[in-house]
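J.: Below: one structure in structure tokens.
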Amino acid sequence: MFRIAHLSDIHLGPLPELSYRELATKRITGYINWQRNRKRAMFGDTLLKLVADLKAQAPNHVAVTGDLVNLATKSEITGARIWLEDLGDPAWVSVVPGNHDAYVPGALKRVYKEWHPYLIGDAGRTPHHRHYPYMRVRGPVAIIGTSSAEATAPFFATGTFKRGQALATARLLEEAKARGLFRVVMIHHPPIAGAAAWSKRLIGKQFFSKVIHDAGAELVLHGHTHLDTLYWLNGPDGEKVPVAGIPSASQNAGGSKPASRYSLFEIEGEPGNWSLIQRERGLRADGTAIDWIRQRRLLRDGTAAEVRDEANP
């Protein structure tokens, strides 16, 4: 069995002090949003509890699908690097950036520099938007990281997935299939119509859908919406590919969005006969501890069946 843990939308806080120059950019809208909506919901020891619980489960790999920071200031990006180093070795953790990591022009360049070991594939290239996707092979699994992150105008949080990245992603998926690997695709924005508000949607999701339809995949992981979701994309030969989202890892209990959680995906089998179980752990409704939330087997016919066993009651 190979187990991948999925975390997303870390939104490390609290916010640092901002200069007048920084507040003269799109960051002013993000700063106001943080103070009004997210400061109370995402500040505390929730993330610490969740990460400690994740490490206790001892997954084989960790996938982080973006939004490690809030306004992408220099100090936030550096702090996120330190957090990643505490989370685990770069060989054990794969990251793709989110829209908050690219909050203003130039932010992604600093992200690529600071988080470099977590953003590259086995080929080891310097991360850059033209260098996505990347691929890492861990055991029987190919982890393919794509980037939808880009700086946008105030009040927008869209992402893009363009034709060039689509073609490169298809090539990696086909290579991984030829090697008999279970293929996991990471992206920040949900590649599903209607999954996010129009101002927060993925532009180019039709390219992503075509890649999955033509080349196939076994699992797609995303963040962005701060919701626990399961969608399906059409794969080759009538098979369905699960597309799983996860709530913010920093969300406290009692808010308008689901409380902090992560998923553990258990992968077994062989090409043509893979087994995939999703087990979610997260903060209890009273905020006191991390517990089991949901456990289900994801089937290639586009259905999910609840499972129980002695190890995870």
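J.: Can you confirm whether segment 215-229 contains a residue that is over 15 Å from the mean Cα position of the chain (by Cα) and over 19 Å from GLY145 (Cβ atoms)?
T.: Keep residues of segment 215-229 that are over 15 Å from the mean Cα position of the chain (by Cα), which gives 215-218.
If we keep only those that are over 19 Å from GLY145 (Cβ atoms) as well, we get none.
Among the residues of segment 215-229, not one is over 15 Å from the mean Cα position of the chain (by Cα) and over 19 Å from GLY145 (Cβ atoms), which makes the answer no.
J.: State which residue is farthest from LEU264 (Cα to Cα) when the search covers only segment 230-250 and only residues that are part of a loop (DSSP other than H, G, I, E, B) and within 15 Å of the chain's Cα centre (by Cα).
T.: Among them, the one singled out is SER250.
J.: Would you mind stating whether ALA58 is open to solvent by 40 Å² or more (accessible area, probe 1.4 Å), hydrophobic (A, V, I, L, M, F, W, C) and out of contact with any Ser or Thr (no Cβ under 7 Å at 6 or more places or on another chain)?
T.: yes
J.: Which residues, taken from segment 267-313, are more than 23 Å from ASP9 (Cβ to Cβ) and of a type in the set (D, E, K, R)?
T.: GLU268, GLU270, ARG297, ARG300, ASP301, GLU306, ARG308, ASP309, GLU310
J.: What is the residue count in segment 158-168 for residues that are in contact with a helix residue (DSSP H, G or I) (Cβ under 7 Å, 6 or more places away or on another chain) and buried (at least 17 other Cβ atoms within 10 Å of the Cβ)?
T.: Adding up the residues that qualify gives 3.
J.: Which condition does HIS224 not pass, out of (1) in contact (Cβ under 8 Å) with a residue 60 or more places away in the chain; (2) on the phi < 0 side of the Ramachandran plot; (3) not β-branched (Val, Ile, Thr), if it passes all the others?
T.: With (1) in contact (Cβ under 8 Å) with a residue 60 or more places away in the chain; (2) on the phi < 0 side of the Ramachandran plot; (3) not β-branched (Val, Ile, Thr) applied to HIS224, the lone miss is (2).
J.: Is there any pair linking a residue in segment 165-187 that is farther than 16 Å from GLN206 by Cβ and touching a residue at least 40 places away in the same chain (Cβ under 8 Å) to one that is of a type in the set (Phe, Trp, Tyr) and open to solvent by less than 80 Å² (accessible area, probe 1.4 Å), with Cβ under 6 Å and at least six apart or on different chains, and which?
T.: Qualifying pairs under 6 Å: PHE182/TRP274.
J.: If the requirement is being among the aliphatic types (A, V, I, L, M) and open to solvent by less than 10 Å² (accessible area, probe 1.4 Å), which of these qualifies: ALA196, ALA215?
T.: Only one candidate passes the filter, namely ALA215.
J.: For residues that are over 15 Å from PRO97 (Cα atoms) and out of contact with any strand residue (DSSP E or B) (no Cβ under 8 Å at 6 or more places or on another chain), scanning just segment 133-157, find the one that is surrounded by the most Cβ atoms within 10 Å (Cβ to Cβ).
T.: For segment 133-157, the residue satisfying everything is PHE156.
J.: Take LYS205 and decide whether it is in contact (Cβ under 8 Å) with a residue 40 or more places away in the chain and open to solvent by 60 Å² or more (accessible area, probe 1.4 Å).
T.: no
J.: Looking only at segment 257-285, count every residue that is within 17 Å of THR46 (Cβ to Cβ) and touching a residue at least 40 places away in the same chain (Cβ under 8 Å) and tell me the total.
T.: Qualifying residue count, segment 257-285: 10.
The values are calculated or read from the model by the stated rules, or taken from the named source; none is laboratory data. Keep in mind the model is a prediction, meaning the values are calculated, not measured. Virtual Cβ from ideal backbone geometry, glycine too; neighbours counted across all protein chains shown. Just the protein is used for accessible areas: all its heavy atoms, side chains included, with ligands, DNA and RNA removed. Shrake-Rupley method; radii C 1.70, N 1.55, O 1.52, S 1.80 Å.
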